[in-house]
Amino acid sequence: MSDVRSLALLIHNGRLVTSGRQYPGGGLFAKGGRIVKILRNDDEVARFKSSLKHSEVGRRHELRIIDVGGDYIAPGFVDIHCHGGGGYDFMDGTLESVVGAGKTHLAHGTTCLFPTTLASTTESLDRAIRSFREAKRVDEGLPDFPGLHLEGPYFSMAQRGAQDPRHIRNPDPAEYRPFFKYAKDIARWTLAPELPGALEMARELKARGILPAIGHSDADYEQVLEGWKNGFALVTHLYSGMSIVHRIKGWRHAGVVESAYLIDDMAVEVIADGCHLPASLLRLVCKIKRPEKICLVTDAMRAAGLPEGEYLLGSKEDGQKAIVRDGVAWTASADAFAGSVATAERLVRTMVQQAGVSVEKALQMASASPAKVMGVHARKGSLAAGKDADVVCLDETFTVKAVVARGRVESCAYR
């Protein structure tokens, strides 16, 4: 493969969509792995192509031109919650697992991915982190990995969902503080804010630049509000593994879901695979929360991209059996979902076709919004000069036709 620094790339004749807006006839020019110029219509493209004839690009750079034939040109997807895919789980704790899962999701347009762990032993968690660090040294053929998302093990047992109950416990500084040696590799940690010691842990996470997120929680509004004041700024997979309005001795109490709606600046994840949430709830989320506070996530497990059947949720050594059928993963008891098998383009398709969201907003929720929430928006999430050349091209059915990651054309169905 050619050195990306010597490559120049022109993508044109498409509907360029970025930052909630669409530019028919637009395109972009990238060089050295970064976007150099955004072209907003046919005239700008034509003038730019003419100027290339008189520039030094042809002499100093290998130029590739991709005509997308009217398809969408969008920012590469930013998936901030993904456990695996292609037969691999990040909890497998091997370089092969990180590379295999990463390649699977890159092929579906995810150019920026936050590998996600599960409730486990400290030994398994340490192994997963070390395999992630090793994979970050692989410089091509993978999504960008800005950091890890540690999901658990500090959860409410009542809201554990598919998390392994053997490993659920309360926060213990003696256990979690040693992991701060990996602080530069950990972008986010999901836990239940109502647990003893959770607020103290959240303050320590925030002080180290790690985002505390609420998940698998049985908290009420007052506890969520305290969490918000102590750094919890994101709700992990809204509606899944969390409390809703409930009665205690006749009195109604708001749960995590209602709290996320009440706190305007609280961001939320949505698993828009068409299974975890029906169209009515997807529309409700979009009616209450602003697009910039909604992050579409796959929450994919190892079966993403593979046929239906029996798989393991979690590591090959210690995972739980999951059954994939009807487009989603189920626990062995079939009484709860065990993660999704979605890839990122399916999320966008669901939001447009089922929830009635505009293409511009759906793509924003799959790219710019999660990039902003995770603090990588200076490089990721939108198409703008100076940002990484992370691009996904999709047709009318939201089928991925081309993927560009940091200026490298990873796949392309166009001639």
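The values are calculated or read from the model by the stated rules, or taken from the named source; none is laboratory data. The shown structure was predicted, so the numbers you read here are calculated from the model rather than taken from an experiment. Because the Cβ atoms are built from the backbone with ideal geometry, glycine has one as well, and the counts that use them run over all protein chains shown. Heads up: the accessible areas ignore ligands, DNA and RNA and are worked out on the full protein's heavy atoms, side chains in. Shrake-Rupley method; radii C 1.70, N 1.55, O 1.52, S 1.80 Å.
Looking for whichever is of a type outside the set (Asp, Glu) and within 24 Å of Ala254 (Cβ to Cβ) here; the options are Ala128, Ala198, Ala135. Which one fits?
Details: Ala128 fails: within 24 Å of Ala254 (Cβ to Cβ); Ala135 fails: within 24 Å of Ala254 (Cβ to Cβ).
Being of a type outside the set (Asp, Glu) and within 24 Å of Ala254 (Cβ to Cβ) holds for just one of Ala128, Ala198, Ala135, which is Ala198.
How many residues does region 290-311 hold that are open to solvent by 30 Å² or more (accessible area, probe 1.4 Å), basic (Lys, Arg) and either touching a strand residue (DSSP E or B) at 6+ places or on another chain (Cβ under 9 Å) or in contact (Cβ under 8 Å) with a residue 40 or more places away in the chain (or both)?
Qualifying residue count for the region: 1.
For region 165-183, state whether one or more residues are over 29 Å from Val391 (Cβ atoms), among the polar types (S, T, N, Q) and touching a residue at least 40 places away in the same chain (Cβ under 8 Å).
no
So Gly381 ticks every box in (1) at negative phi; (2) touching a Ser or Thr at 6+ places or on another chain (Cβ under 6 Å) but one. Which box is left unticked?
Only one criterion is unmet by Gly381, namely (1).
List the helices (runs of 4 or more DSSP H) inside region 94-196, counting only whole elements, that have at least 1 residues being closer than 29 Å to Leu347 by Cβ and open to solvent by less than 40 Å² (accessible area, probe 1.4 Å).
Where helices (runs of 4 or more DSSP H) fall fully within region 94-196 and carry at least 1 residues being closer than 29 Å to Leu347 by Cβ and open to solvent by less than 40 Å² (accessible area, probe 1.4 Å), they are 95-106, 122-135.
Pairs please, first residue from region 137-159 and within 19 Å of Ser120 (Cβ to Cβ) and polar (S, T, N, Q), second anywhere and open to solvent by 40 Å² or more (accessible area, probe 1.4 Å) and at pLDDT below 95, Cβ atoms under 7 Å, 6+ apart in sequence or on different chains.
Matching pairs, first to second residue: none at all.
Taking Gly314 and the conditions (1) in contact (Cβ under 8 Å) with a residue 40 or more places away in the chain; (2) on the phi > 0 side of the Ramachandran plot; (3) open to solvent by 10 Å² or more (accessible area, probe 1.4 Å), which numbered condition does it fall short on, given that it satisfies the others?
Single failed check for Gly314: (3).
Considering only region 319-349, state which residues are open to solvent by 60 Å² or more (accessible area, probe 1.4 Å) and in contact with a Lys or Arg (Cβ under 9 Å, 6 or more places away or on another chain).
Ala332
Which of (1) touching a Cys at 6+ places or on another chain (Cβ under 7 Å); (2) open to solvent by 10 Å² or more (accessible area, probe 1.4 Å); (3) not β-branched (Val, Ile, Thr) is the odd one out, the single condition Lys287 does not satisfy?
So the condition that Lys287 fails would be (1).
If I ask for residues that are open to solvent by 10 Å² or more (accessible area, probe 1.4 Å) and within 21 Å of Leu262 (Cβ to Cβ), which ones from region 201-215 would you list?
Leu211 - this is the single residue of region 201-215 that is open to solvent by 10 Å² or more (accessible area, probe 1.4 Å) and within 21 Å of Leu262 (Cβ to Cβ).
Can you find a residue in region 73-93 that is closer than 30 Å to Asp318 by Cα, open to solvent by 30 Å² or more (accessible area, probe 1.4 Å) and aliphatic (A, V, I, L, M)?
To start, the set of residues in region 73-93 that are closer than 30 Å to Asp318 by Cα comprises 78-93.
Narrowing further to those that are open to solvent by 30 Å² or more (accessible area, probe 1.4 Å): 88.
From what is left, the residues that are aliphatic (A, V, I, L, M) are none.
Looking through region 73-93, none of the residues is closer than 30 Å to Asp318 by Cα, open to solvent by 30 Å² or more (accessible area, probe 1.4 Å) and aliphatic (A, V, I, L, M).
In the set Ala300, Ala254, Ala233, Ala272, which member is modelled with pLDDT of 95 or more and touching a Cys at 6+ places or on another chain (Cβ under 6 Å)? If you could, list the steps in order and put the result at the bottom.
Details: Ala254 fails: touching a Cys at 6+ places or on another chain (Cβ under 6 Å); Ala233 fails: touching a Cys at 6+ places or on another chain (Cβ under 6 Å); Ala272 fails: touching a Cys at 6+ places or on another chain (Cβ under 6 Å).
Just a single option satisfies the conditions, and that option is Ala300.
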